[in-house]
Amino acid sequence: MANDVVLEIDNITKEFPGIVALTDVSLQIKRGEIHGLCGENGAGKSTLMKILSGVYEYGSYRGNVYMEGEEIKFTGESIKQAIAKGIAIVYQELSLVPKLTVGENIFLGREPHNRGIINWDKLYAETDSLLKKYKLEIPFGAQVGNLGIGQQQLVEIARAISEEAKVLILDEPTSALTEEEVGTLFAILKELKANGVTCIYISHKLEEFFKITDTITVLRDGMVIGTLPTTEATVEKIISMMVGRVMKERFPKGNRKPGETIMEVRNLTAYDPNAPGVKIVDDVSFSLRRGEILGVAGLMGSGRTELVTTLFGEGGVNVSGEISVKNIRADIRSARGAMANKISLVPEDRKALGLIVNDSIIKNISLPNLDAFSSFLRINKNEEYKMCQKYADDLQIKTQSINALVTSLSGGNQQKVVIAKWLMSSPEILILDEPTRGIDVGAKYEIYKLMNELAEKGVALIMVSSDLPEVLSMSDRIMVMHERQCAGILDQNEATQEIVMALATGIRK
Ligand SMILES: Nc1ncnc2c1ncn2[C@@H]1O[C@H](COP(=O)(O)OP(=O)(O)OP(=O)(O)O)[C@@H](O)[C@H]1O
Ligand SMILES: [Mg+2]
């Protein structure tokens, strides 16, 4: 093995019942490089990383892995063994304990002891200096469950860094981070690289590979399609390697014709239930038309998610202002009230909110929609199956069967299940909060197509997104939020990245 290779993956094959997740994967990771790994949802990225980090023990796959020339055979407490070998991972799914503090989570299972008793002072002092060193502005004593998902993601990253690994694996670390936080992360990665740490980096935001990686490997259907130096790669090339064909456009052209107003929102204000008097949505007014897509842009923390969850009734009684649907004052103080008005919400935090983990794909899609194929309290199973299969096909959910457990799906495919569930509820107003986060380019395109189809049928859509090209290309109008208020509503033809950013940051009023 060449001297500069730190990790050698040799002919790995991994099967799950009925599915081959990886086929003869061979890959060399060089010392000190940032190696990007990309591929469609279900391509096998996370599975490969879970082999390297000991989640799947030696013996549960075929092939060999060599770390610094030595074969690794993690069994028993295999995750601990991987850490001891110098391999740390930030999982795609958040794996923190919400009830514990930031410091407790970072040192979970490795707490500093003093004569058999946990040394709390030391634990918090070390947490504090770790966070300061990497310029992470997170309160070390805060309960993790009270942090936003972006901050939780940063805590995960801090935990992995604190393990002082030689190889750091990041499985979609930026899906929940703000632009600024991504900048912080990239600075950290560059510093680690300068210190000789090797990094494997997974993302669906292809532009990131060009900012941070040295090498890119593309997986498709569990096989390595190719590895190339980032300097020789282009976005188009990577996409065609990922999807196996040339994709000419990233946003399908719709034929939307916005019609009459379906919803009117006047002076909507929502208060923080935990902090009386603090506004989380501040005096927002707008109207929404049938058949249009209204994009909602803004920085993280600007109130976008709070706006749409309030529209879905989650503000309860802590809300003032008026919402009317079809010219009738609507009582939306609960999700039930929202659904009675044919409003559906695909939530932002799909990992936590969306899924019943012990159930099948089909049950996860159909559960809130049972009325659609029930008569006299009996479920028409054929109809249920047909409808769910149609949505699974449209969204390209990668599975052997929709009867499989939802947890057998890859991260991105689990997200598609949540989207399918709400699409099937045949809403008249469909709110999507970050609908394409963690979803591969090909499937994004299918989601945009479905959004267009729904709008063409007269459904009104509200789409919150941090992806500016997506908002600019897919919306008829764009509302920009700034500090909990609506900073302006732009028509698509007058909106540019610059104007949206100027409104979002408060530079332009
Ligand atoms: N625990 C499991 N049981 C059964 N099948 C699984 C399991 N974990 C993964 N798979 C299957 O293995 C394949 C690869 O999944 P993997 O999670 O590695 O994909 P991925 O490339 O990380 O995708 P994503 O971008 O969506 O995260 C998929 O077909 C998935 O359904
Ligand atoms: Mg994955």
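The values are calculated or read from the model by the stated rules, or taken from the named source; none is laboratory data. The shown structure was predicted, so the numbers you read here are calculated from the model rather than taken from an experiment. Cβ atoms come from the backbone with ideal geometry, glycine included; neighbour counts cover every protein chain shown. Just the protein is used for accessible areas: all its heavy atoms, side chains included, with ligands, DNA and RNA removed. Shrake-Rupley method; radii C 1.70, N 1.55, O 1.52, S 1.80 Å.
The table below gives the values:
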| item | result |
| --- | --- |
| Residue count, segment 29-49 (criterion: surrounded by 21 or more Cβ atoms within 10 Å (Cβ to Cβ) and either basic (K, R) or at positive phi (or both)) | 4 |
| Subset of segment 472-500 [without any contact (Cβ under 8 Å) to a residue 40 or more places away in the chain and open to solvent by 60 Å² or more (accessible area, probe 1.4 Å)] | D491, Q492, N493, E494, Q497, E498 |
| Meets criteria (of a type in the set (G, A, S) and without any contact (Cβ under 8 Å) to a residue 60 or more places away in the chain) for A125 | yes |
| Any hit, segment 93-106, residues being closer than 30 Å to E348 by Cα, in a loop (DSSP other than H, G, I, E, B), within 16 Å of ligand 2 (Cβ to nearest atom) and out of contact with any Asp or Glu (no Cβ under 8 Å at 6 or more places or on another chain) | yes |
| Residue match in segment 54-67 (condition: assigned to a strand (DSSP E or B), away from ligand 1 (no atom under 12 Å from the Cβ), open to solvent by 50 Å² or more (accessible area, probe 1.4 Å) and among the acidic types (D, E)) | no |
| In segment 107-137, residue surrounded by the fewest Cβ atoms within 10 Å (Cβ to Cβ) [restricted to those that are among the aliphatic types (A, V, I, L, M) and not in a helix (DSSP H, G or I)] | I117 |
| First in segment 38-51 and in contact (Cβ under 8 Å) with a residue 12 or more places away in the chain, second anywhere and in a loop (DSSP other than H, G, I, E, B) and within 8 Å of ligand 2 (Cβ to nearest atom), Cβ under 6 Å, 6 or more apart | N41/S410; G42/S410; S46/Q92 |
| Members of segment 410-438 found to be β-branched (V, I, T) and farther than 22 Å from L177 by Cβ, listed by number | V417, I429, I431 |
| Scope segment 301-341; condition aliphatic (A, V, I, L, M) and open to solvent by less than 70 Å² (accessible area, probe 1.4 Å); matching residues | L307, V308, L311, V319, I323, V325, A330, I332, A335, A338 |
| Tabulated pairs, segment 227-252, first assigned by TED's automatic domain parsing to the domain that holds I34, second at pLDDT below 90 and of a type in the set (F, W, Y), C-beta under 6 angstrom, 6+ apart or interchain | none |
| Complete set of residues in segment 1-28 that are more than 16 Å from ligand 1 (Cβ to nearest atom) and open to solvent by less than 10 Å² (accessible area, probe 1.4 Å) | V5, V6, L7 |
| Which listed residue, of K99, K132, is closer than 28 Å to R437 by Cα and under 32 Å from the mean Cα position of the chain (by Cα) | K99 |
| Residues being without any contact (Cβ under 8 Å) to a residue 40 or more places away in the chain and open to solvent by less than 80 Å² (accessible area, probe 1.4 Å) - total across segment 262-293 | 4 |
| Pair list, Cβ under 6 Å, 6 or more apart: segment 375-388 residue within 13 Å of I402 (Cα to Cα), other residue at pLDDT 85 or above and of a type in the set (F, W, Y) | none |
| Residue within segment 342-359 that is surrounded by fewer than 21 Cβ atoms within 10 Å (Cβ to Cβ), assigned to a strand (DSSP E or B) and in contact with a Leu (Cβ under 9 Å, 6 or more places away or on another chain) present | no |
| Matching option when the condition is more than 16 Å from ligand 2 (Cβ to nearest atom) and in contact (Cβ under 8 Å) with a residue 24 or more places away in the chain, among L219, L189 | L189 |
| Subset of segment 80-96 that is farther than 20 Å from Q152 by Cβ and either buried (at least 17 other Cβ atoms within 10 Å of the Cβ) or within 16 Å of ligand 1 (Cβ to nearest atom) (or both) - its residue that is nearest to the chain's Cα centre (by Cα) | I87 |
| Where R110 falls short, out of the listed (1) over 30 Å from D4 (Cβ atoms); (2) over 28 Å from the mean Cα position of the chain (by Cα); (3) touching a residue at least 60 places away in the same chain (Cβ under 8 Å) | (3) |
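Here's the yes/no breakdown for (1) assigned to a strand (DSSP E or B); (2) in contact with a Ser or Thr (Cβ under 8 Å, 6 or more places away or on another chain); (3) away from ligand 2 (no atom under 16 Å from the Cβ):
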position	(1), (2), (3)
N3	no, no, yes
L7	yes, yes, yes
D10	yes, yes, yes
E15	yes, no, yes
T23	yes, yes, yes
S26	yes, no, yes
I29	yes, yes, yes
G32	no, yes, yes
E40	no, no, no
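Yes or no, residue by residue, for (1) assigned by TED's automatic domain parsing to the domain that holds I212; (2) of a type in the set (D, E); (3) touching a Pro at 6+ places or on another chain (Cβ under 6 Å):
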{"residue": "G116", "(1), (2), (3)": "yes, no, no"}
{"residue": "K122", "(1), (2), (3)": "yes, no, yes"}
{"residue": "A125", "(1), (2), (3)": "yes, no, no"}
{"residue": "E137", "(1), (2), (3)": "yes, yes, no"}
{"residue": "N146", "(1), (2), (3)": "yes, no, no"}
{"residue": "I149", "(1), (2), (3)": "yes, no, no"}
{"residue": "A160", "(1), (2), (3)": "yes, no, no"}
{"residue": "I169", "(1), (2), (3)": "yes, no, no"}
